[in-house]
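Below: the structure, in C-alpha cells.
The values are calculated or read from the model by the stated rules, or taken from the named source; none is laboratory data. Remember, predicted model here, so these are calculated numbers, not experimental data. Backbone-built Cβ (ideal geometry, glycine too); neighbour counts: all protein chains shown. Heads up: the accessible areas ignore ligands, DNA and RNA and are worked out on the full protein's heavy atoms, side chains in. Shrake-Rupley method; radii C 1.70, N 1.55, O 1.52, S 1.80 Å.
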Amino acid sequence: ILVTGCAGFLGAHVARRLLDRGHTVVGTDTIHPDEAWRLRDVVGNPALRYRWMDVQDMTEVPDHVVHAAASSDVGHSAASPRLAVQHTVTGTVALMEACRRAEGFKRLVLISSDIICGAQPVQPIREDVPLRASTMSVREW
C-alpha cells in the first residue's frame, strides 16, 4: 500500500496503522528521511520502505494508495500560493493519473484535514456537513 505524505501527521498515523495490521507500506514524502521524526518508531520495520520524493514525480503506483500528501502549512501556503497549488493540486492530479494508468489498480483514498470544513459547532464533523470556509484562509488568499 502506498501512503503519500507518510512523514506528516495524518500520513504517519495511517502508515503506522497499516504496518500494525501486517501490510507492507511504501511511504513517500518530501521530508528527508533523517527529518521524518513521526516515523522514528517504525523506521526499522522491514515492511516499511520510505521513498524521499514529491508526489508530482509519481509514475507508478501499487494497487492501493492512501493520499495524504499536501501543503499543510497555512502560513506558507498564503505566502506562496502557487507553490501550495503545485504541491497539493498538481501533485494530486499527477497521482490520480498514475492510478488511472496502473494495471490492476483498485483503490485510492484521499485524506484531508478538518480545516476545509471551517469551525463547526457539532463534533465530530460528519462528511455531509455544509462546508464553512475559514475566514482566515479566505482573507489570506
- [ ] Starting from residues that are out of contact with any Lys or Arg (no Cβ under 6 Å at 6 or more places or on another chain) and more than 22 Å from ALA102 (Cα to Cα), keep the ones in region 12-26 and report whichever is most open to solvent (accessible area, probe 1.4 Å).
- [x] ARG21
- [ ] Could you grab me the full set of residues in region 1-11 that are over 8 Å from the mean Cα position of the chain (by Cα) and either open to solvent by less than 60 Å² (accessible area, probe 1.4 Å) or without any contact (Cβ under 8 Å) to a residue 12 or more places away in the chain (or both)?
- [x] ILE1, LEU2, ALA7
Open item on the list: Quick check on region 42-52. Is at least one of its residues more than 23 Å from LEU131 (Cβ to Cβ), under 13 Å from the mean Cα position of the chain (by Cα) and modelled with pLDDT of 90 or more?
Closed with: no
Task: Hey, ARG49 more than 25 Å from GLU103 (Cα to Cα), open to solvent by 100 Å² or more (accessible area, probe 1.4 Å) and either touching a residue at least 40 places away in the same chain (Cβ under 8 Å) or outside any loop (DSSP other than H, G, I, E, B) (or both) or not - done: no
- [ ] Go through the residues of region 86-109 one by one and say whether even a single one is farther than 22 Å from ALA12 by Cβ, assigned to a helix (DSSP H, G or I) and at pLDDT below 85.
- [x] yes
Open item on the list: Checking the structure you have, find out if any residue of region 27-35 is open to solvent by 30 Å² or more (accessible area, probe 1.4 Å) and in contact with a Gly (Cβ under 7 Å, 6 or more places away or on another chain).
Closed with: no
Task: Any hit, region 71-78, residues being at pLDDT 80 or above, more than 14 Å from GLY5 (Cβ to Cβ) and either open to solvent by 60 Å² or more (accessible area, probe 1.4 Å) or small (Gly, Ala, Ser) (or both) - done: no
TODO: With respect to THR28, determine if the residue is closer than 15 Å to THR92 by Cα, among the hydroxyl-bearing types (Ser, Thr, Tyr), part of a strand (DSSP E or B) and touching a residue at least 24 places away in the same chain (Cβ under 8 Å).
DONE: yes
TODO: Starting from residues that are in contact with a His (Cβ under 8 Å, 6 or more places away or on another chain) and open to solvent by 40 Å² or more (accessible area, probe 1.4 Å), keep the ones in region 53-70 and report whichever is modelled with the highest pLDDT.
DONE: GLN56
